[in-house]
């Protein structure tokens, strides 16, 4: 690949968003004392880094934008970061498919009450389908030479094709923070 091809690559800044207080409590049962400070540290880091490239960002993708009346919206500090990027000219694009997300949630709930391997396999397969849908939406909209930012559930791990340069932007992995707290609680 020549230098010219690298210059026109599609670039995606991948931000697994920090859990909200409510999500954390639902997943673990309680919220640690350092949660607010940790969440603020996370979003300050992301905001500062994105501010330096905001004028280059063409698309802001999220799995939590509203897709219509009554749908889930972006939460907390993410809203402020998204507003700043939109103010710099970035276009907002929802990447979540409500049907696929509903399927994931149903399998997750079932997996919490069942230790059946088939249920876990179906949950993982549903997660892959959600990831494939997100990749498809981004690959259809993000063009050569453009930069986008993806805010996505921290439990979702997505792989992109080689023609999309991915930059992971986070001071720490929110899923690691959650898992560390689970271990402390013995869950």
Say we join alpha carbon atoms closer than 10 Å with springs in a Gaussian network model of the chain; which of 159, 64, 114 then has the biggest fluctuation? 114
Per-residue ellipticity at 222 nm attributable to helices in the chain (runs of n ≥ 4 DSSP H, -39500 (n - 2.57) apiece, nearest 500 deg cm²/dmol) works out to -16500 deg cm²/dmol
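If I stretch the segment between residue 21 and residue 45 completely, what's the gain in nm (0.36 nm per residue apart, minus their alpha carbon distance), one decimal? Please list the in-between numbers first.
Details: separation 24, 0.36 × 24 = 8.64 nm, distance 1.85 nm.
Extra length available between residue 21 and residue 45 comes to 6.8 nm.
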Give the share of C-alpha pairs in each 10 angstrom bin for the chain, from 0 to the last occupied bin, in whole percents, shortest bins first. 8, 33, 37, 18, 4, 0
The residues 59, 43, sorted from fewest to most surrounding Cβ atoms within 10 Å, come out as 43, 59
The helix 98-113 Cα axis meets the longest alpha-carbon principal axis of the chain at an angle in degrees, between 0 and 90 and rounded to 10, of 30
Mind sorting 58, 49, 184 by how few other Cβ atoms lie within 10 Å of their own Cβ, fewest first? 184, 49, 58
What spacing in nm lies between the two simple spin-label points modelled at residue 169 and residue 33, each 7 Å away from Cα in the Cβ direction? 3.3
Mind sorting 83, 37 by how few other Cβ atoms lie within 10 Å of their own Cβ, fewest first? 37, 83
Report, in degrees rounded to the nearest 10, the 0 to 90 angle that the Cα long axis of helix 117-141 makes with the longest principal axis of the chain. 20
Among beta bridges assigned by DSSP with both residues in the chain, the antiparallel ones amount in percent, to the nearest 5, to 0
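First check a/c for the stretch 111-152, with a ≥ b ≥ c the square roots of the eigenvalues of its C-alpha gyration tensor; if it is under 1.5, answer rounded, and if not, answer prolate when a/b is larger than b/c or oblate otherwise.
Values: a/c = 6.43, a/b = 3.36, b/c = 1.91.
Since a/c reaches 1.5 and a/b is larger than b/c, the shape of the stretch 111-152 is classed as prolate.
Here, each number is a calculation from the coordinates, and none is a lab measurement. Keep in mind it's a predicted model, so treat the numbers as computed, not measured. Using ideal geometry, Cβ is built from the backbone for each residue, glycine included, and neighbour counts are taken over all protein chains shown.
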